[in-house]
Protein chains: 2
Amino acid sequence: MTYSIAQAAEHSGLSIDTLRYYERIGLVDPPARDSGGRRSYSDDDLGWLVFLTRLRTTGMPIRMMREYAQLRHRGAATAGRRKQMLFEHRASVRARIAELQSCLEVLDYKISHYGEIEHTFIEGITA
Amino acid sequence: MTYSIAQAAEHSGLSIDTLRYYERIGLVDPPARDSGGRRSYSDDDLGWLVFLTRLRTTGMPIRMMREYAQLRHRGAATAGRRKQMLFEHRASVRARIAELQSCLEVLDYKISHYGEIEHTFIEGITA
DNA sequence: GTAGGAGCTGGAGTGCACTCCAGGTCAACC
DNA sequence: GGTTGACCTGGAGTGCACTCCAGCTCCTAC
């Protein structure tokens, strides 16, 4: 199964421009081309794109994704390094979640605090 | 108690440049000045700065923080609107956490997958 | 055979959130 | 009274991750 750039964009959630941009900066390998010179993405290509969007969603910077892509390109010999990268990235995602959760508590507090303002009309509380 | 800009930066985790930048764009009110014309932050100022860093950490864009700051500036009459903003923001933070957690599952899967590669030396698995 | 639409390239432009800089002031200490 | 160090201002520069554009080609449908 092959996919046009529009279909690849649709499937991955990236824009067409972003797909070409990712190719330009070496984040994805140049896909095959059809008889008219247009990009023709394979299922494997799509799988990689979708995985990239996960890394992006979790805040991995592009330069790190590119490093990962380059290791991947060098084959099975780099599997350990790649696993290590994902391992470390997972830790940072967990830390990020913890950070967000601690901020959530502050928001919860603030929101209930506003509730008091609204019900008792305490003056001067403007935070 | 008052604080120099360096102390405010230290306490809030923002840089000195960022403090001046936030003031310039109307995110924080201009603090008092000492006899030498230097910024002199109050405890209230610091409290606001710390709260801003929470909003920032949770990904609120500056333009929204500024909107919030402007409402706050208009006093208690805008408390409802501000509470509503925090309420909506909290929902987006929760959504973000859920998104990260779902990506974490993908990472977990990938990482255990790499484990298989390392132990059984399956060829061709390069994702 | 031509009009329309998708896709192509190289390169310029955008928005966000800072970050840095030059050139100056001010207070304190030696 | 000179040097040092923190701070001041307005404005320019940075890094990231896209996003847009002009001008072109190619295929399909009428």
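Values quoted throughout were computed directly from the atomic coordinates according to the rules given, and no laboratory measurement underlies them. Model, not experiment: these values are computed from the prediction. Here the Cβ is made from the backbone with ideal geometry for all residues, glycine too, and neighbour counts use every protein chain on show.
Sort B:Met64, A:Met60 so that the residue with the fewest other Cβ atoms within 10 Å of its own Cβ comes first and the one with the most comes last.
Listing B:Met64, A:Met60 from fewest to most nearby Cβ atoms yields B:Met64, A:Met60.
Short version: ³J(HN,Hα) in whole Hz for each residue of the stretch A:79-91, in order, from phi by Karplus 6.51 cos²θ - 1.76 cosθ + 1.60 (θ = phi - 60°), x for Gly and Pro, what are they?
Those phi angles translate into 4, x, 4, 5, 4, 4, 4, 5, 4, 5, 5, 4, 4 Hz.
Rounded to whole Hz and in sequence order, give me ³J(HN,Hα) for the stretch B:22-32 from the Karplus expression 6.51 cos²θ - 1.76 cosθ + 1.60, θ = phi - 60°, writing x for Gly and Pro.
Values, residue by residue: 4, 5, 4, 8, x, 8, 10, 5, x, x, 4 Hz.
In which sequence would A:His89, B:His113 go, from the one with the fewest C-beta neighbours within 10 Å to the one with the most?
In increasing order of surrounding Cβ atoms, one gets B:His113, A:His89.
Please average, across the residues of B:26-34, the number of beta carbons from any other chain that are within 10 Å of each residue's own beta carbon, and give a whole number.
Mean partner-chain Cβ count within 10 Å for B:26-34: 0.
Going by average Cβ neighbours within 10 Å, how do the peptides B:34-40, A:48-54 rank, with the highest at the top?
Highest mean packing first, the order is A:48-54, B:34-40.
Quick one: which residues, 5+ away or cross-chain, put their amide H under 5 Å from the amide H of B:Ser40? H built at 1.01 Å from N.
The answer is B:Ala32, B:Arg33, B:Asp34.
Which whole number gives the average, over all residues in B:8-15, of C-beta atoms from other chains lying within 10 Å of the residue C-beta?
0
Work out the FRET efficiency for A:Ala6 and A:Arg63 from their Cβ-Cβ distance, taking R0 = 30 Å, and round it to the nearest 0.05.
After rounding, the FRET efficiency stands at 0.60.
Students often forget the sequence filter, so: which lysines lie under 21 Å Cα-Cα from A:Lys83 once same-chain residues fewer than 8 apart are removed?
B:Lys110
Apply the a/c threshold of 1.5 to the C-alpha gyration tensor of the protein assembly as shown and tell me whether it is rounded, prolate or oblate.
prolate
Using 5 Å bins from zero, what percent of all Cα-Cα pairs in chain A falls into each bin?
2, 9, 15, 16, 12, 10, 8, 6, 6, 6, 5, 4, 2, 1, 0
As a test of the formula, what do you get for the protein assembly as shown when each DSSP H run with n ≥ 4 contributes -39,500 (n - 2.57) and the sum is divided by the residue count, at 222 nm and rounded to the nearest 500 deg cm²/dmol?
About -23000 deg cm²/dmol.
How many partner chain Cβ atoms sit within 10 Å of a residue's Cβ in peptide A:95-107, on average, as a whole number?
5
Whole angstrom only: what separates the Cα centroid of the stretch A:83-104 from the Cα centroid of the stretch B:1-70?
Their Cα centres are 27 Å away from one another.
Roughly how many debye, to the nearest 20, is the charge dipole of the protein assembly as shown about its Cα centre, given +1 on each Lys and Arg Cβ, -1 on each Asp and Glu Cβ, and no other charges?
Roughly 580 debye for the protein assembly as shown.
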